[in-house]
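Please treat every number below as a calculation from the coordinates, not as lab data. Remember, predicted model here, so these are calculated numbers, not experimental data. All Cβ positions, glycine included, derive from the backbone under ideal geometry; neighbour counts span all protein chains shown.
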Amino acid sequence: MNLLVILLIINIIAFLLFGIDKRKAVRHRYRIPEWVLMLSAFAGGCIGALAGMLLFHHKTKHAKFFIGVPLFLILHLVLVLYYWQLFLELL
């Protein structure tokens, strides 16, 4: 399976997790654990997680998320650029 398709799926899942957790929070239901939300962002879904945070106004006041999710995004971008540079050197 193509890596871009996998990342797209992970980002959609992260986005949905944040939306579902927000809905559960409003309805005072059993919540998705924070570690699951953070893991979804760390596993490659940082763009979906960030979009979910901003669209659903969820976890935006928690430093763990407000700082952590953008840091994951920066980390992923650095890794992509690094491996892209290695790929170009092999050509």
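Points worth noting:
- Semi-axis lengths (Å, descending) of the ellipsoid that matches the C-alpha gyration tensor of region 3-90: 28, 13, 9
- Contour minus Cα-Cα distance for Asn2 and Val78 (0.36 nm per residue): 25.3 nm
- In Hz, Karplus ³J(HN,Hα) per residue of region 9-17 (6.51, -1.76, 1.60; θ = phi - 60°; x = Gly, Pro): 5, 4, 5, 5, 4, 4, 4, 5, 4
- Taking packing as the residue-averaged number of other Cβ atoms within 10 angstrom, the listed peptides 67-78, 20-31 run from highest to lowest as 67-78, 20-31.
- In this structure the amide hydrogen of His62, modeled in the peptide plane, comes within under 5 Å of no amide hydrogen from residues 5 or more places off or on another chain.
- Modelled label positions at Ile12 and Gln85, each set 7 Å beyond Cα in the direction of Cβ, lie 3.4 nm from each other.
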